[in-house]
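Novice: Okay, handing you the structure first.
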Amino acid sequence: ASHDSIRTVRTTCPYCGVGCGVLASVDNSTAKVTVKGDPQHPANFGKLCSKGSNLAETLGVERRLTHPYYQDKLAAMNGLSPSPSLTTLSTLVDNDTVIKAVDWETVLDDVAHRLSRTITEHGPQSVMFYVSGQLLTEDYYVANKLMKGFIGSNNIDSNSRLCMSSAVAGHKRAFGADLVPGSYTDFEDCDLLVLVGSNMAWCHPILFGRFLKAKQENPNKKLVVIDPRRTDSCEFADLHLPLAPGTDTHLYNGLLKYLTDNGHKDASYAAKCEGLEAALAAAEAWTLQAVASATKLTVEQVEQFYQLVAANSKTVSAFSMGVNQSSSGTDKVNAIINSHLLTGRVGKPGAGPFSLTGQPNAMGGREVGALANLLAGHLELDNAEHRQAVAEFWQSPESIRANTGIKACDAADAILSGNIKAIWIVATNPVVSLPEADKFKKALAECDLVIVSECSKDSDTIRCADIVLPAQGWSEKSGSVTNSERRISRQRSLMPAVGESKPDWWIFAQVAKRMGFKGFEYNDPSEIFLEHAALTSYQQHNYPRQLDLLAEIAAHGQPYESMQPLQWGGKHIDVVHANFKHKAPSLIAITPPKQAGAVNKFLSADGVHIVPSDNTSLPLRLITGRLRDQWHTMTRTALAPKLNQQQSVPTLTLHPKAAKNLGVLDNDFVCIGAQTDFKTQASKVMAQVAVSDEVRMGDAFMPMHWSDAFANLARVGTVIPTKVDPISSQPELKNSAIMVTPV
Ligand code: SF4
């Protein structure tokens, strides 16, 4: 192709929270797309990982949803849905009873009418939106405004509940606001990187690469990995601590005591914080021996870790799902932050706690407040003046409610008990990803109205919908995302929309207008972004907060269309500085989780079987996680042949002793069931065995990605009981009691 026929668009990768910049080139004559890393983007400086590099392979119409349609969901759930496509849909209209194509005007009128009727008959608390960290900030903003400001309910939750809600809760307890005080440059500037519950080599590879490059140039930099599994990140570690799942708070309480006892407290910094004495009192019992005993590490391992932290004032503690996806996730986050507040290592070059966000726009969703317990613009739902300010800004017809809305893991019960009559699921696949996934599926079967907005043609959740709405995907839609270091980047359209698909913000706004609400007359995502920015700045003099986007935009002089990646709050946020707009930072007293070590009633914390195996089944502790080359439920990454090569079937990794006890070898098949007596106990999962001592004895690992759309009986969520953190309501996904049986 001649140079003139190539059009290059500056956009961002839609996968992980690193938020890499992408240069996407479109050959105008062939419509062929190629991607490479954007050398000017401050997240990745031109590099892309395997997922980002294969983005172009995931495009095309073949597996895309192209038209809105009605569906007989019970028939579809029984496998009778033919997965409509652009070419087949018109014929299905006439001769198929499972799905019926519909035009946008009709379906938007109908959705608005049915939501309004549900609200009239059952009240505003009878509807719920379940949205996603895959949405752009503009989509998220409109959904949240519609539900909280106009429908009059806080029943909007996001799949970020499964991803980041413990980090949100931990940040708010520590800093009075949900903010990450550091920057990606800290990963290069630190002398010690501690990864807690994070396989960064696979899950945030480009940022991990930045640390490794710096370590290569200066081998004195150290890496500690705290993870029950020996992951690929451990290949580069100076120390790996394979602690028993769920015992991180003991390790960090011990660290707090060790740093204090050995003279590493920054007294003047700690004096500016609250809660120091109570936190130290809670840590007092955690001697080296007590920590070693509770975590099943050796005293030498624990002491070596503590000595490394003590010796390196430039320490970054980066944490992700191994910390957040826990029934004590918020305490784990605060236990980590405590160690940084004690030593004054927060928001300084090369030092700080750092939450690695899982999804591309988890942070943007938090900024617009699209969780059931958040408001908008970093204002607080439990503050009457804040609610009043937002309602005034939106010109809401009524006041915003104070109560927390229905959260993700409560949705199934809310539907089954008849409290929720209509649910709208957007850009997420909860029939695969939620714990007790079969209960949620049953709930959708019984729900009066299930609307699903999606870009993929087939997913386990689409099969449970009454109404399916085609949304635009990456490469078509435009808007913005915020990455883990608070950097807002533009995601830009490079291709025309597939079929009749529409942006999610447009779909929400159209329904809102048809429900009779004013304030949704948007023509372009830039109008939404600027309204969101204005809300973050609204009444800053009365209710000051760190997020003030109008001020940031003014300072950087950035019009939306050509906006360069913008890090709000600056590179580091000094949480004890006079300019910090929130409360004094707090250390939190961490008491042992009541259920520690007791999640699996057949196993002690170190994996010894309390109840002998019956020789046919083995009780184990299930840890779920990601593969390097797949994303979420694979609806997009599985389209790229190269990305399917890493692992082509669902696997369960077993310790050699567990495999021997079960009498299974590599590549044999096993059946996984839940031990607990939750209602979907009959649910089971099939997986191929991978024998490896990378898991501890008593533990087993299975990737989270597989769904019935790709393999039979592969939804691992069906055997995970719902056990949530009491503060964040984030579910435990790394410590579930299972029973494994050879087949
Ligand atoms: Fe995309 Fe994350 Fe890979 Fe960057 S590191 S290319 S954002 S998946």
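We did not get these values from a lab; they are worked out from the coordinates using the rules stated. Treat the numbers as computed from the prediction; the structure is a model and nothing was measured. Neighbour counts are summed over all protein chains in view; Cβ atoms, including those assigned to glycine, are modelled from backbone coordinates with ideal geometry.
Novice: GLU527 versus LYS36, label points 7 Å from Cα toward the beta carbon: distance in nm?
Specialist: In this crude spin-label approximation the distance works out to 3.8 nm.
Novice: Follow-up question, since we're still on this one. Express the Stokes-Einstein translational diffusion coefficient of segment 618-742 in µm² s⁻¹, to the nearest whole number, given a Kirkwood radius over alpha-carbon pairs, 37 °C and a viscosity of 0.692 mPa s. Spell out each step's value before the answer.
Specialist: Numbers: Rh = 14.9 Å.
The Stokes-Einstein estimate is 221 µm²/s.
Novice: So which aspartates and glutamates pass the test for LYS213, namely a Cα distance under 18 Å, with those fewer than 8 places away in the same chain ruled out?
Specialist: The qualifying aspartates and glutamates are ASP186, GLU188, ASP189, ASP191, ASP232, GLU235, ASP238.
Novice: Kirkwood hydrodynamic radius for segment 528-570: how many Å is it when counted over pairs of different Cα atoms?
Specialist: Details: mean 1/r = 0.0933 Å⁻¹.
With all distinct Cα pairs of segment 528-570 included, I get 10.7 Å.
Novice: Another one. Non-local amide H neighbours of ALA43 (under 5 Å, H modeled in plane, Pro and chain starts lacking H): which ones?
Specialist: It is GLY21, by chain and number.
Novice: Quick one: Karplus J couplings for segment 510-518, per residue in order, coefficients 6.51, -1.76, 1.60, θ = phi - 60°, nearest Hz, x for Gly and Pro?
Specialist: 5, 5, 4, 4, 6, 7, x, 8, 9
Novice: Place +1 on the Cβ of every Lys and Arg and -1 on the Cβ of every Asp and Glu in segment 177-355, take the dipole about the Cα centre, and give the residue among TRP202, VAL224, ILE336 whose Cα lies farthest towards its positive end.
Specialist: Of the listed residues, the answer is TRP202.
Novice: Right, here's the next one. Going by C-beta contacts inside 10 Å, put HIS113, HIS582 in order with the fewest on the left. Could you put the intermediate results ahead of the total?
Specialist: Working: HIS113 13, HIS582 17.
Ranking HIS113, HIS582 by Cβ neighbours within 10 Å, fewest first, gives HIS113, HIS582.
Novice: For SER480, what residues show an amide H to amide H distance below 5 Å, using hydrogens built from the backbone and excluding near sequence neighbours?
Specialist: Hits under the 5 Å cutoff: THR137, GLU138, GLN491.
Novice: Report the relative contact order of the chain, percent, no decimals, based on alpha-carbon pairs under 8 angstrom and at least 6 residues apart. Mind dumping the intermediate values first?
Specialist: Working: 1729 pairs, mean separation 141.3, N = 743.
Relative contact order for the chain comes out at 19 percent.
Novice: Hey, another quick one. Going Cα to Cα from LYS583, which lysines come in below 30 Å? Please leave out same-chain ones fewer than 8 positions away.
Specialist: Output for LYS583: LYS145, LYS148, LYS172, LYS257, LYS265, LYS272, LYS314, LYS332, LYS348, LYS407, LYS571, LYS594.
Novice: Can you give me the long-range amide H partners of LYS222? Hydrogens built in the peptide plane at 1.01 Å from N, cutoff under 5 Å, separation of 5 or more residues or another chain.
Specialist: Excluding prolines and chain starts, which carry no amide H, the hits are LEU192, LEU193.
Novice: Quick one: 3J(HN,Hα) in Hz for segment 497-505, Karplus 6.51/-1.76/1.60 with θ = phi - 60°, rounded, Gly and Pro as x.
Specialist: 4, 7, x, 9, 5, 10, x, 4, 4
Novice: So for each of 49-57, 208-216 I average, over its residues, the number of other beta carbons within 10 Å; can you give me the resulting order with the highest mean first? Walk me through the intermediate numbers first.
Specialist: Numbers: 49-57: 20.1, 208-216: 18.6.
Averaged packing, sorted descending, gives the order 49-57, 208-216.
Novice: Pop out the ³J(HN,Hα) list for segment 296-310 in order, Karplus 6.51 cos²θ - 1.76 cosθ + 1.60 with θ = phi - 60°, rounded to Hz; leave Gly and Pro as x.
Specialist: Along segment 296-310, the couplings run 6, 9, 8, 4, 5, 4, 4, 5, 4, 5, 4, 5, 4, 5, 4 Hz.
Novice: Right, here's the next one. Can you check what the net charge comes to around ALA512, using other residues whose Cβ is under 10 Å from the Cβ of ALA512 (Lys, Arg +1; Asp, Glu -1)?
Specialist: Numbers: positive: LYS145, LYS513, ARG514, LYS518; negative: GLU521.
Local net charge: +3.
Novice: Ok, one more. Starting from the Cα-Cα distance between SER648 and ASP666, subtract it from 0.36 nm times their residue separation and give me the gain in nm to one decimal. Each step should come with its number before you reach the end.
Specialist: On the way: separation 18, 0.36 × 18 = 6.48 nm, distance 1.47 nm.
Taking SER648 through ASP666 to full extension adds about 5.0 nm, to one decimal.
Novice: Related question: Can you give the net charge of the other residues whose Cβ lies under 10 Å from the Cβ of SER50, counting K and R as +1 and D and E as -1?
Specialist: Details: positive: LYS51, ARG628, LYS642; negative: ASP629.
Taking every Cβ under 10 Å from that of SER50, the sum is +2.
Novice: Straight distance only, please: which lysines reach the Cα of LYS642 with their own Cα at less than 22 Å, same-chain residues fewer than 8 apart left out?
Specialist: LYS32, LYS36, LYS47, LYS51, LYS457
Novice: Could you please rank MET363, MET704, MET495, placing first whichever residue has the fewest other Cβ atoms within 10 Å of its Cβ? Working shown, then result.
Specialist: Working: MET363 29, MET704 23, MET495 17.
Going from sparsest to densest Cβ surroundings: MET495, MET704, MET363.
Novice: Order by neighbour count: TYR184, TYR140, fewest other Cβ atoms within 10 Å first, most last.
Specialist: TYR184, TYR140
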